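Asks: Here it is, the structure in full.
Please treat every number below as a calculation from the coordinates, not as lab data. These figures come from a predicted structure and were not determined experimentally. Methodologically, a virtual Cβ is constructed for each residue, glycine included, from the backbone with ideal geometry; neighbour enumeration extends over all protein chains shown.
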């Protein structure tokens, strides 16, 4: 049985492990924006997961329905058929497992297989997620902000004040979940970089990312996203790993609790060096 994520995060926040924790990404899709979908490769899911963990991942996030800009949800049975053979194969992996899904029924079925973190890009608005949290007190959840849906979010993202609007949404979800009896210590907050945001919106959120920590632990997911490009010299997603590392460094220095990345090895090295410079032991 993988270690409990809540205990790992608590230990890290108390200084027993270096922050941010590193979330390694496993995409079981043929159409991932980042060109890393395992359905298009021959790599063994177990070998790939072990590689991520050996590279520094503290938690694995596995998803079987793309949320790239313009995407539509795949049929339920297709998501299920992609996801569950992979989860079953990962039963011996020694880190907590996050499920990237918008469907409560998918997460419910993943619970007996070791799932411990709901990663729903929809901000836990589906009441089915509330039921799961009420009935399973050890399950944690990511509360993420998104303007629109994956299909529509990048058409014309508009805010009067992106910082306050994103923060107010996350705060309102924290309040609503608390009113239903969900302990705030079970929640992780994600401002949703790239989910209904322009380049300027994403950069503004990063500049003030430390301010969001008043809500609780903050997760940032910058990995390989388009806003990392130099507009004059766009790169393919897999060539954005170095610029992703720059965001990892910024977040490491600004109280971020978790980083979601395709390259745990880069995140681990960035975290190690920065913590060494400041004199914090790297566990």
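Asks: Share of antiparallel DSSP beta bridges in the range 5-278, in percent to the nearest 5?
Replies: Percent antiparallel among DSSP bridges in the range 5-278 is about 5.
Asks: I would also like to ask the following. Would you list the P(r) distribution for the chain, with all Cα-Cα distances sorted into 10 Å bins from 0 and each bin expressed as a whole %?
Replies: P(r) over the chain, rounded to whole percents: 6, 30, 40, 21, 2, 0.
Asks: Which of 213, 98 has the fewest other C-beta atoms within 10 Å, and how do the rest follow up to the most?
Replies: Neighbour counts put them in this order, fewest first: 213, 98.
Asks: Something else about it: Before rounding to the nearest 500, sum -39500 (n - 2.57) across all DSSP H runs of length at least 4 in the chain and divide by the residue total; then give [θ] at 222 nm in deg cm²/dmol.
Replies: Here the helix-only value at 222 nm equals -11000 deg cm²/dmol.
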